[in-house]
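Peer 1: Once you've had a glance at the structure underneath, I'll fire off some questions.
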Amino acid sequence: MFFNINEITVTGDTVYSAEDITAKSGVAIGDNLICISKDEINEKISTELPYVNSVKIKRHLPSGLELIITKTEAKYAVIQDGYYTLLNKNGKVLEKGLEFIGENITLLNMGEIISAEIGYEIELENHKVFDKLLLISTACQECGFEDISSIDLSDIYNI
């Protein structure tokens, strides 16, 4: 009876509607504000809505809940089964089955892809690829290199 949610607000930067985010959160009006799991809400929203990078949850006692959204953007693409798969900077799969990619997307050759499920990080045969990609990306930014069209990481010892 105490601390039941009467209002859910969505703030932050997102490409999704507040209604979609609220629906994917699994939280509803009437749920107990104290008993909700922040980690579970973040996991549900960021996997179901792939362009959400993270969700910060604020409880406004006695009955308000605020979902603060941070979006992510496509930075990389890989070719899988003849189509492009878009990834964010951390390797989270954003979209699959695309025939074209936009500008400012770096095409990656990363060797064997084990799994690429939307909303989850891409799984590669070689788990060290994204560590090397982060080093390359940081070095390119420090040197002022921009608009890199592709990176071949299929052999991390010969990039």
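The values are calculated or read from the model by the stated rules, or taken from the named source; none is laboratory data. It should be emphasised that the depicted structure is a prediction, and the values quoted were computed from it without experimental measurement. When we count neighbours, we look across all protein chains shown, and the Cβ atoms used for this are built from the backbone with ideal geometry, even at glycine. The protein model used for the area step is the full one, side chains on, heavy atoms only, and it has no ligands, DNA or RNA in it. Shrake-Rupley method; radii C 1.70, N 1.55, O 1.52, S 1.80 Å.
Peer 1: Find the relative contact order for the range 34-77 and round it to a whole percent, using C-alpha pairs within less than 8 Å whose residues are 6+ positions apart.
Peer 2: Worked out over the range 34-77, it gives 30 percent.
Peer 1: Once you have the Kirkwood Rh of the chain from its Cα pairs, apply Stokes-Einstein at 37 °C and 0.692 mPa s and quote D in µm²/s.
Peer 2: In µm²/s, the coefficient rounds to 188.
Peer 1: Apply the a/c threshold of 1.5 to the C-alpha gyration tensor of the range 78-143 and tell me whether it is rounded, prolate or oblate.
Peer 2: Since a/c reaches 1.5 but b/c is at least a/b, the shape of the range 78-143 is classed as oblate.
Peer 1: With +1 on each Lys and Arg Cβ and -1 on each Asp and Glu Cβ, and nothing else charged, work out how big the dipole of the range 25-158 is about its Cα centre, in Debye to the nearest 20.
Peer 2: That gives a dipole near 660 debye.
Peer 1: So, with a 1.4 angstrom probe, what is the percent of accessible area on the range 16-132 that is carbon and sulfur?
Peer 2: That fraction is 46 percent.
Peer 1: With n ≥ 4 as the cut-off for DSSP H runs, can you work out [θ] at 222 nm for the chain, using -39500 (n - 2.57) per run divided by the number of residues, rounded to the nearest 500?
Peer 2: Calculated from helices alone, the mean residue ellipticity at 222 nm is -6500 deg cm²/dmol.
Peer 1: So if each residue of separation counts as 0.36 nm, and I subtract the Cα-Cα distance between I29 and T9, what length gain in nm does that give?
Peer 2: Length difference between fully extended and current span is 6.1 nm.
Peer 1: A further question follows. Which percentage, to the nearest 5, of the DSSP beta bridges contained in the chain is antiparallel?
Peer 2: Approximately 65 percent, going by the DSSP bridge assignments.
Peer 1: If you add up the charges near Y83, with Lys and Arg at +1 and Asp and Glu at -1, over every other residue whose beta carbon is less than 9 angstrom from its beta carbon, what do you get?
Peer 2: -1
Peer 1: A follow-up question, please. Straight-line reach only, C-alpha to C-alpha below 26 angstrom: list the lysines that K75 could link to, leaving out same-chain residues fewer than 8 apart.
Peer 2: K24, K44, K56, K89, K92, K96, K128, K132
Peer 1: Cα centroid distance between the range 41-86 and the range 2-30, in Å?
Peer 2: Going from one Cα centre to the other spans 14 Å.
Peer 1: Would you work out the relative contact order for the chain, in percent, from Cα pairs under 8 angstrom that are 6 or more residues apart?
Peer 2: 17
Peer 1: Taking the Cβ of L135 as the centre, find all other residues whose Cβ is under 12 Å away and add up their charges (Lys, Arg: +1; Asp, Glu: -1).
Peer 2: Net charge around L135: 0.
Peer 1: Still on this structure, I have one more. Per residue, how much accessible area does the chain have with a 1.4 Å probe, in Å²?
Peer 2: Normalised by residue count, the accessible surface of the chain is 62 Å².
Peer 1: Given contacts defined as C-alpha pairs under 8 Å and at least six residues apart, what's the relative contact order of the range 72-113, whole-number percent?
Peer 2: 39
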